[in-house]
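This report refers to the structure that appears directly beneath it.
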Amino acid sequence: MKIYLFRHAQKAMDFSGDPDLTAEGHAQASKLLDKVLKKELPTPTELWVSPKKRTHSTFRPLAQHFNLPLQNTNELLEQQAEENLSEFRSRIEKLFERAAENKKAVVFLCSHYDLVVEALNVVPSDKDFSDSEYAHWSPCQYAGFEVLNNGVYEFIEFKRVHL
């Protein structure tokens, strides 16, 4: 089973609290589909998104091409004001445990900066993510993992979808 965690593509600047993507962000979303079609990334079997527009828009080309539903997942939302760090980390751990339940799945998760950075602190990986290389995630950056039978998340790659 594989899990790929994506930060959403480049978002527009607005004050609605739920901006969509910029033109560049939509181009990144199309490029993400291209990477899957070119076999640079595996073909997803599940697409999990937070309820925010920008995560839906990031995975929409994949969903349309592969006829997959976008699965709204509240656990992929940013840290909430009422959550302390321990609660936020616990939510992320449970999310990854749930994502790893289907041993034959290739799950793509699309979330927000604070969640993707914090996920590297809680995912039981064979990789040490304390290096500064992993501290900043650009729009449409992703990390891939193979979930082994012993529950360890074997690190595959850390890349960005470039235009």
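The values are calculated or read from the model by the stated rules, or taken from the named source; none is laboratory data. Since this is a predicted model, take the numbers as computed values, not measurements. Using ideal geometry, Cβ is built from the backbone for each residue, glycine included, and neighbour counts are taken over all protein chains shown. The area values use the complete protein model at the heavy-atom level, side chains included, leaving out ligands, DNA and RNA. Shrake-Rupley method; radii C 1.70, N 1.55, O 1.52, S 1.80 Å.
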request  = Take the stretch 128-155 and flag every residue that is acidic (Asp, Glu) and either closer than 20 Å to LYS31 by Cβ or without any contact (Cβ under 8 Å) to a residue 40 or more places away in the chain (or both).
outcome  = ASP128, ASP131, GLU133, GLU154
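Among the listed residues ASN84, ASN72, identify the single one that is open to solvent by 60 Å² or more (accessible area, probe 1.4 Å), farther than 25 Å from GLU146 by Cβ, in contact with a strand residue (DSSP E or B) (Cβ under 7 Å, 6 or more places away or on another chain) and not acidic (Asp, Glu).
Values: ASN84 fails: in contact with a strand residue (DSSP E or B) (Cβ under 7 Å, 6 or more places away or on another chain).
Answer to the check: ASN72.
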note = Of those in the stretch 139-163 that are open to solvent by less than 30 Å² (accessible area, probe 1.4 Å) and aromatic (Phe, Trp, Tyr), the residue farthest from LYS35 (Cα to Cα) is TYR153
key: Output for the stretch 1-18, where each listed residue is under 15 Å from SER57 (Cα atoms) and not in a loop (DSSP other than H, G, I, E, B)   = PHE6, ARG7, LYS11
note = Across the stretch 54-69, the tally of residues that are modelled with pLDDT under 95 and surrounded by fewer than 18 Cβ atoms within 10 Å (Cβ to Cβ) stands at 0
remark   = Residues in the stretch 19-36 that are open to solvent by 40 Å² or more (accessible area, probe 1.4 Å) and either free of Cβ contacts under 8 Å to residues at least 12 places away in the same chain or in a strand (DSSP E or B) (or both) total 2
query = Out of the stretch 107-138, which residues are buried (at least 19 other Cβ atoms within 10 Å of the Cβ) and assigned to a strand (DSSP E or B)?
reply = VAL107, PHE108, LEU109, CYS110, SER111
task = List every residue pair whose Cβ atoms lie under 8 Å apart, where the two residues are 6 or more positions apart in sequence or sit on different chains, the first residue falls within the stretch 114-126 and is touching a residue at least 24 places away in the same chain (Cβ under 8 Å) and within 16 Å of ALA100 (Cβ to Cβ), and the second residue, located anywhere, is open to solvent by 20 Å² or more (accessible area, probe 1.4 Å) and of a type in the set (Gly, Ala, Ser).
result = PRO124/GLY151
